[in-house]
Amino acid sequence: MSKLSDWWLNLTGAKSGGEKTSIQVKQVADSTVVIVSGSESSVNITNMYRSTDYQSLFSGLEKARERVKKYPDDLELSQDLQEMQKKLEDFKHDVQKLAKDFNKIPINTERQRLAKQHFDAGDYQAARTVLDTRQTDQEQKSLLDKQRCLQGEQAEVSNQLQDNANEYLLMAKLTAIDYSLPDRIGQASGFYESALQSARTPENIFEYAKFLQDNKQFHPAEALYLEALELYQNLAIDDPTAYEPSLAKTLNNLGNIFGKCNRRIEAEDIYRKALELYRKLAEFDPITHKPNIVYVLNNLATVVNIDKSRQAEAETLYREALAIWRLLDKADPDDYKCKIAGMLCNLAELTGADNNRQMETETLYHEALKLNRELAKTDPAVYEPELAWTLNNFGAFLSKENSNKEEAEAFLREALEIRRRLTSANPAAYEPEHANTVLRLGILVSSNIERSKEAEALYWEALKLYRRLAVGNPRVYEANLAGTLCHLAKLISNDIERHSKSEELYHEALDIWRHLDKADRAAYGKDLVNTLHHLGCLIAVKIERKKESEIFFMETLELSRQLFENAPLVYCDNLIHVLGNIGLNYLSNWQDPNTAQKYFQEMAILAMQYAQHKDKSEALTDVTQSH
């Protein structure tokens, strides 16, 4: 037995530096069993040395050895011996590998079972005979024919399912325009769901997501866009020409969802990816994709502009979009005018924040308004929403100046009349815009103390609308709700008998602003500062609540300093205003001129430092007159 073991070790190379292999040779009854353990798995190779294949090879090897022994100087015979040794070694390794394969392959047929049985017995020829390829060939042909048949049937079924899905899509769209249905959005959504059951393609998923987005159902729309995005990304790897346009469109729409849900940072990231893709596509097809570049630039500028420290960057994006659009082919004059008007309004909203650019802003709004009035006359159903948007924003801008309040109110009331009518027909689509105009009109009316009751009624109407909207979409409408609460609280704070109600409204707004500020200070920090400041001023009139008021003022000042440090030119006015009002409260309400003087001095130094950039004389004059 030891001689056989030594021979086997030499044959397998177990003593060499190759793969580590453990060999056990055991006598079982009249047979010898060789157990081989390698790095991958253990296999039993039984009766291998007694197989006819082995016996033939071994016999040839012995004969070669005898010839070499007889003729040791014959190089050809030595070469024959080496070849026979290699054949036997290769045979062993092949049998060992095949044994592992047998262990891995599921034995699911009778032929496979018999073949393995013969193999384990060392009867390799019998194993080959069992696996008769003629019968296997016949089965292969039959199975391939069946597969082709099934593939044909599958392709036919897939086409039929897509036709079925298309019918559901058409039914969904027809339902969506049936405004007599009390739950047309829900019923249409049901048909879209059925379409996806029939064919869940990225195109169908996108269609459903766009419908939900258009009807302010942002959360489910986001989930669908993300699903479509993953599918288009995978498809674009193999066929970028076919699928990159759809991928870019999905990115842009997903960015719109993030923007609507006040997820500014995510929106900006998505828009930049879409813009990069559209710029690449426009190199090969400018006619198709340059308009798409404009859309994404406009969207990107809008989210960048939320951070007031980046207004210059936003303006560059807006102007690039406007410049590209003005040079595009005017094949559809109405659509061309509509897009120009929209971009003019966006740019005007940005320039309107700069007191030194008021004339420029009015010029932009007037051009946009002229275009939208022309369009609304030709097709009111399509262009009245755009006209209302321009009227609303222009009116809000003009309401800041006393000389234009009558014109501002006329614009806002015209916008409100259009939006009330649109909301009555389609609340899901137009109620948010309706609420916005009601609020802006309330802000304008509240500037006249004699119209306080009218302003309050408008604020309560806006608040009711935003509360309802915030229940369904808190991430979208929480900021609007908090802003409305603050305007109403400020208005009724003029009545000392209603201070407790005003304080209640401010606290509700404060909770919302704190939550939003944690997510995005650049967007909501100033709103938090203003609410803390107004709440501090409200309770400062009661001397017994001085400490409580001071807590609000100190938090206000700390946040104002942080905002100022990040963007000095943007938040300088705000910090000056906070310092001045804190000083006034120490002077007037708490009779502490020394502490008041400290805040006034800091305010004056700050104003002088930044006088070269902004005109602070008005702010200083206001505070001085208040003294």
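The values are calculated or read from the model by the stated rules, or taken from the named source; none is laboratory data. Quick caveat: nothing in here was measured; it's all calculated off a predicted structure. Virtual Cβ from ideal backbone geometry, glycine too; neighbours counted across all protein chains shown. Heads up: the accessible areas ignore ligands, DNA and RNA and are worked out on the full protein's heavy atoms, side chains in. Shrake-Rupley method; radii C 1.70, N 1.55, O 1.52, S 1.80 Å.
The table for this structure:
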{"item": "Label-point separation, Arg475 to Arg357 (7 Å along Cα→Cβ), nm", "result": "3.1 nm"}
{"item": "Protein accessible area in the chain, 1.4 Å probe - carbon and sulfur %", "result": "52 percent"}
{"item": "Furthest towards positive pole of dipole, Ser59, Ser189, His93, structure part the range 43-200, Cβ charges", "result": "Ser59"}
{"item": "Relative contact order (%) - the chain, alpha-carbon pairs under 8 angstrom, separation at least six", "result": "5 percent"}
{"item": "Tilt relative to the chain, helix 2-12 - C-alpha long axis, 0 to 90 degrees, to 10", "result": "50 degrees"}
{"item": "Most positive-pole-ward Cα, Ala321, Val304, Ala435, against dipole of the chain from beta carbon charges", "result": "Val304"}
{"item": "Dimensionless Rg over Rh [the range 215-333; C-alpha; Kirkwood]", "result": "0.99"}
{"item": "Degrees separating the helix 202-214 axis from the principal Cα axis of the chain, which is the longest one", "result": "20 degrees"}
{"item": "Whole-angstrom gap from the range 495-521 to the range 333-373, using each part's C-alpha centre", "result": "33 Å"}
{"item": "FRET E, pair Asp53, Asp334, Förster distance 51 Å, beta-carbon r, rounded to 0.05", "result": "0.05"}
{"item": "Relative contact order %, the range 215-333, counting alpha carbon pairs below 8 Å whose residues are six or more apart", "result": "17 percent"}
{"item": "Fraction in percent of alpha-carbon pairs per bin - 10 Å, the chain", "result": "3, 11, 17, 17, 11, 8, 7, 7, 8, 7, 4, 1, 0, 0"}
{"item": "Cα Rg, Dmax, the range 494-592, angstrom units", "result": "13.6, 40"}
{"item": "Segment Ile492-Glu374, extension gain: residue separation times 0.36 nm, minus the distance between their alpha carbons", "result": "38.4 nm"}
{"item": "Label point distance in nm, Tyr71-Glu283, each placed 7 Å from Cα along Cα→Cβ", "result": "7.2 nm"}
{"item": "Lysine pair number, Cα distance threshold 24 Å (strictly under), the range 43-200, separation 8 or more or different chains", "result": "18"}
{"item": "Whole-number accessible area per residue in Å² for the range 170-317, which is evaluated in the context of all protein chains at 1.4 Å", "result": "47 Å²"}
{"item": "Expected-Rg normalisation [2.2 N^0.38 Å, Cα atoms] applied to the range 69-136", "result": "1.60"}
{"item": "Accessible surface of Met608 - all protein chains present, 1.4 Å probe, nearest 10 Å²", "result": "130 Å²"}
{"item": "Volume of the Cα convex hull of the range 43-200, divided per residue and given in Å³", "result": "194 Å³"}
{"item": "In the range 367-443, GluC sites (Glu not before Pro) in a DSSP loop with at most 15 other beta-carbon atoms within 10 Å", "result": "Glu401"}
{"item": "Nearest-ten-degree value, helix 474-492 long axis tilted from longest Cα axis of the chain", "result": "20 degrees"}
{"item": "Asp239 versus Ile543: modelled label distance in nm, points set 7 Å from Cα along the beta carbon direction", "result": "8.2 nm"}
{"item": "Stretch gain in nm, segment Asn103-Arg420, where the contour uses 0.36 nm per residue and the Cα spacing is subtracted", "result": "106.6 nm"}
{"item": "Förster radius 45 Å - calculated FRET efficiency between Glu83 and Glu203, Cβ distance, rounded to 0.05", "result": "0.10"}
{"item": "Normalised contact order of the range 335-489, rounded percent, pairs of Cα under 8 Å and 6 or more residues apart", "result": "14 percent"}
